[in-house]
Amino acid sequence: MITRIDHIGIACRDLDASIEFYRRAHGFEVVHSEVNEEQGVREAMLRINGTDDGAASYLQLLEPIRDDCAIAKYLEKHGEGVHHIAFGTADVVAATEAATSTGIRALYPAPRRGTSNSSINFLHPKDCHGVLTELVQAADPADAHH
Ligand code: MC0
């Protein structure tokens, strides 16, 4: 079952410039940042609000660290902007199976590592009316810093 919007992923050319933009425009602050080598990104999580499942919703700013990763490819084709939406769940395997049982393609046969050791999978944008959809199971759902 999906219980929150976990985050909205935004492709950025310059992570620090985007962080500064959101700080000045809306007062959002970075609560977590990391490099995810497998995904090829440097990223920052900006917490927006708590959610009634005990977790939270974030903006996730993503800058590519190499030319062949998904974010670099997206920036080249589309420029900066919203890259994906991520739904939070207590069970990413069950949420993925619920989607694939309706004919939607999952991108990974098994969950991979996301931000803060979360478990993630993606649903193909061509099967989701143009929206790259991520499913996220937090390592610790009560962890407000994701
Ligand atoms: C590509 N397409 C998209 C899209 N990316 N549509 C909507 N939103 C996106 N983000 C469309 C293209 O426009 C194209 O449509 C078609 O999908 C094929 O795209 P492509 O440019 O040829 O790219 P592919 O097929 O090589 O790769 C697309 C795919 C890839 C979604 C499979 O980006 C992928 O594997 N994504 C999952 C991993 C990921 O996104 N990682 C970065 C975030 P047309 O009509 O032109 O054919 S990492 C993350 O988020 C982690 C750290 C976390 O949250 O914790």
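Before moving on, here are some points about what is shown:
- For Val31, solvent-accessible area (1.4 Å; no DNA, RNA or ligand), Å²: 50
- Separation in nanometres of the label points that stand 7 Å from Cα toward Cβ, at Ile85 and Arg24: 2.9
- Total formal charge among the other residues, if their Cβ is under 14 angstrom from that of Arg112, Lys/Arg +1 and Asp/Glu -1: -2
- Whether the chain is rounded, prolate or oblate, judged on the alpha carbon gyration tensor where a/c under 1.5 counts as rounded: oblate
- Per-residue ³J(HN,Hα) for segment 33-40, Karplus 6.51 cos²θ - 1.76 cosθ + 1.60, θ = phi - 60°, Hz, x for Gly and Pro: 9, 6, 9, 10, 4, 4, 7, x
- Highest-fluctuation residue, Arg112, Arg13, Arg24 considered, GNM on the chain with Cα pairs under 10 Å: Arg24
- By accessible area with a 1.4 Å probe, ligands and nucleic acids excluded, highest first: order of Glu29, Glu37, Glu43: Glu37, Glu29, Glu43
- Local charge for Gly9 was computed over the other residues whose Cβ lies under 9 Å away, with Lys and Arg +1 and Asp and Glu -1, and equals -2.
The values are calculated or read from the model by the stated rules, or taken from the named source; none is laboratory data. These figures come from a predicted structure and were not determined experimentally. Using ideal geometry, Cβ is built from the backbone for each residue, glycine included, and neighbour counts are taken over all protein chains shown. The accessibility values were calculated without ligands, DNA or RNA, using every heavy atom of the protein model including side chains. Shrake-Rupley method; radii C 1.70, N 1.55, O 1.52, S 1.80 Å.
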